[in-house]
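Notes for the one structure printed next.
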Amino acid sequence: MVIAKSRFFIAVCLLALVAACNEVDNVQQTQAAQSLCIADFEVCVNPIFDGTLNGRVGQVTCSASGCHNQAAGSGGAFKIFANPQPGSSEMLANYFAAKSFANLNDPAQSKLLLEPLQGVFSITGTHTGGDIFPDTADQCYQAIFTWISTPVDDRNSSSCGVCVAAALASCGF
C-alpha cells in the first residue's frame, strides 16, 4: 500500500510538472554567412587586375606574367588568371583569391588594398610591383573598397549590383 501511494504521489507530481510547462516552439536560429558578391567582382574588381594601370614606376597590369599571373607570376601568394571569362572557373578562382585577401571586418585593412597603396609597409614588406594607388581616393582603390565593404548574405544576394566600375585610365598615378 505504501508503494501504491508513492507511485500515485509521483504520478501526480509529474502531471503537475508537465501541466506547468508552456509549449515551446523549437525554431532553429541561423545566422546567414557573409560573403562578397561575385557579380560585382566580375564587373568592378577583376577588370582592375587585367587593366593597364599607372603605377608609380610606370604602367602595370596585375595579371601580367611578371606579377600575379597564376602560371608565371612572381607576385607572392596572390595569384590570378589573366582575362578570365565571366562565369568561368578561372573567374571563380580569381574571386576566391581576391576574397582571401579581403578583410570583411575592417575593409580598409584588407591586404588587397594595403599592398598596392602608396606609403604602406605591411608585415611582408612593400608591394614588389610598386605603388599603384596614390591614396584611398583613387577610383580603383574605391571600387575594390566598395566591393569589400558591401558583404552579401549567402542566402540573399540583394546587395549585389551596387558597384560602379572604375575608369581604369584614371586609376593610379
| Would you say residue 106 is under 20 Å from the mean Cα position of the chain (by Cα), modelled with pLDDT under 95 and of a type in the set (Asp, Glu)? | no
| Test result for residue 94, surrounded by 17 or more Cβ atoms within 10 Å (Cβ to Cβ), over 22 Å from residue 135 (Cα atoms) and in contact (Cβ under 8 Å) with a residue 12 or more places away in the chain | yes
| query | Restricting attention to the stretch 59-75, and to residues there that are free of Cβ contacts under 8 Å to residues at least 24 places away in the same chain and part of a strand (DSSP E or B), which single residue is surrounded by the fewest Cβ atoms within 10 Å (Cβ to Cβ)? | reply | 59
| Do you know which of the residues in the stretch 102-121 that are outside any helix (DSSP H, G or I) and either in contact with an Asp or Glu (Cβ under 8 Å, 6 or more places away or on another chain) or among the polar types (S, T, N, Q) (or both) is farthest from residue 150 (Cα to Cα)? | 119
| note | Sole miss for residue 152 among (1) at pLDDT 95 or above; (2) more than 15 Å from residue 56 (Cα to Cα) is condition (1)
| said: Return the pair list, or none, for Cβ contacts closer than 6 Å from residues in the stretch 76-89 that are more than 19 Å from residue 66 (Cβ to Cβ) to residues that are at pLDDT 95 or above, at least 6 apart or on different chains. | reply: 86/42
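The values are calculated or read from the model by the stated rules, or taken from the named source; none is laboratory data. Please read all numbers here as calculations on a predicted model, not as lab measurements. Every residue, glycine among them, receives a Cβ derived from its backbone with ideal geometry; neighbour counts consider all protein chains shown.
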